[in-house]
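Here is the structure we will look at, set down as structure tokens.
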Amino acid sequence: MQRWNNYLQSLGLSENEAKIYLHTLKKGQQTVQQISTGTNLSRVTVYAAIDTLIEMGLISSVQKGKRKLFSAEPPERIVSVAETKVKKMENMINEMSSHLQELKLAQSGDKPVVKFFEGPEAYRIVNEDLIETKPKEIYEFGNIEELQRIYSGEDKKISEEIIDKLDQFFKGSDIKRRSIHVGSHDPERFVDKGDVQRVFLDKNKYKFYGDIFLYKNKIWLSSFRGKQISILIESGLLYDTLKALFDISWRSLKK
């Protein structure tokens with residue numbers, strides 16, 4: 001009977017519920033006390049299990065005088081219960097499939113997390129997050145002169161503190177860094193220092209006054225003209241998209 005015990009439990013019955021059903025199937029009509037004695041289960045456990053079995057249609061009851069007797073429904077009822085569960089599961093699978101995209105968007109890394117920052121303090125937040133994240137690759141498309149302009153005045157202290165931390169962070173690391181910069185150097189110049197490679201573009205040709213920073217599924221977008229605004233987006237899908245665009249630009253500029 002162990003096989004049928006396993007079948008019943010696979011339908012969602014507990015071990016005790018399966019035991020009580022099989023007991024009453026073999027013994028016929030019995031009182032709760034008789035079932036309790038025959039299964040070595042407490043009356044409280046038997047009452048709770050019988051309620052579930054009656055609800056599933058696997059046990060029925062009959063009143064005989066002052067006694068209430070319980071008996072198992074025919075074994076065919078087990079198959080009927082299984083078929084009902086299969087049908088409900090099929091309906092659930094169809095419903096789940098129709099709403100699958102909703103869950104995929106909620107999946108970590110797919111549903112974007114967006115954070116908004118204002119002012120030069122964002123520079124500290126970006127780089128502290130970079131140090132904490134410890135990425136293996138960093139990609140940047142930014143305007144060097146605009147960055148230097150912002151952090152050369154009253155915010156110079158923020159810049160110097162962060163630069164010191166970054167120097168320590170990058171020292172001896174094998175992090176691959178690729179940058180496309182506007183301004184500050186001769187245009188179309190390519191600098192290769194192994195793990196650190198940069199391409200410099202003509203600032204008069206490319207009117208770009210912000211920064212795009214990519215690392216480990218994170219995207220930082222910053223604007224340096226007017227009120228400084230920085231946006232952090234955490235999204236694997238968006239990261240892959242912008243990384244692909246960076247790679248296309250990088251290959252084109254290195255030719």
Item checked: Extreme residue, positive dipole direction of the chain, given options VAL191, VAL62, LEU22 (C-beta unit charges) -> VAL62
Item checked: Degrees separating the helix 236-254 axis from the principal Cα axis of the chain, which is the longest one -> 30 degrees
Check: ALA48 to MET96: FRET efficiency via 1/(1 + (r/R0)^6), r the Cβ-Cβ distance, R0 41 Å, to the nearest 0.05?
Finding: 0.85
Next item on the list: Give me the percent of DSSP beta bridges within the chain that run antiparallel, rounded to the nearest 5.
Entry: 70 percent
Notebook entry, point to check: Quick one: what do you get for the stretch 2-88 if you divide its Cα Rg by 2.2 N^0.38 Å?
Noted result: 1.04
Notebook entry, point to check: What list of ³J(HN,Hα) couplings, whole Hz, do you get for the stretch 77-87 from phi and the Karplus terms 6.51, -1.76, 1.60, once you set θ to phi - 60° and write x for glycine and proline?
Noted result: 5, 4, 4, 4, 4, 5, 5, 5, 5, 4, 5
Margin query: Between helix 43-56 and the chain, what is the angle of the helix's C-alpha long axis to the longest principal axis, kept within 0 to 90° and rounded to the nearest 10?
Written below: 80 degrees
Check: With charges only on Cβ, +1 for K and R and -1 for D and E, what is the dipole size of the chain about its Cα centre, in debye, rounded to 20?
Finding: 1100 debye
Next item on the list: Report relative contact order for the chain in percent, whole number only (criteria: Cα-Cα under 8 Å, sequence separation at least 6).
Entry: 16 percent
Item checked: Label-point separation, SER223 to GLN9 (7 Å along Cα→Cβ), nm -> 6.3 nm
Check: How far apart, in nm, are the 7 Å Cα→Cβ label points at TYR206 and LYS136?
Finding: 2.7 nm
Notebook entry, point to check: What are the residues whose amide H is under 5 Å from the amide H of THR31, where those residues sit 5 or more places off or on another chain and H is modelled from the backbone?
Noted result: PHE70
Notebook entry, point to check: Quick one: which of 218-224, 58-64, 74-80 comes out on top by average Cβ neighbours within 10 Å, and what's the full order, highest first?
Noted result: 218-224, 58-64, 74-80
Checklist line | Net lengthening on full extension, PHE169/VAL196 (0.36 nm per residue, minus Cα-Cα) | finding: 8.3 nm
Check: Which FRET efficiency, nearest 0.05, do LYS85 and LYS64 yield, Cβ-Cβ r, R0 30 Å?
Finding: 0.40
Notebook entry, point to check: Considering amide H positions built from the backbone, and no H for Pro or chain starts, which residues 5 or more places from LEU201, or on another chain, come under 5 Å of its amide H?
Noted result: HIS181, VAL182, GLY183, GLU188
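Computed from the coordinates by the stated procedures, all read-outs in this text should not be read as laboratory data. Because the structure is predicted, anything quoted here is derived from the model rather than measured. All Cβ positions, even for glycine, are placed from backbone atoms using ideal geometry, and neighbour counts span all protein chains on display.
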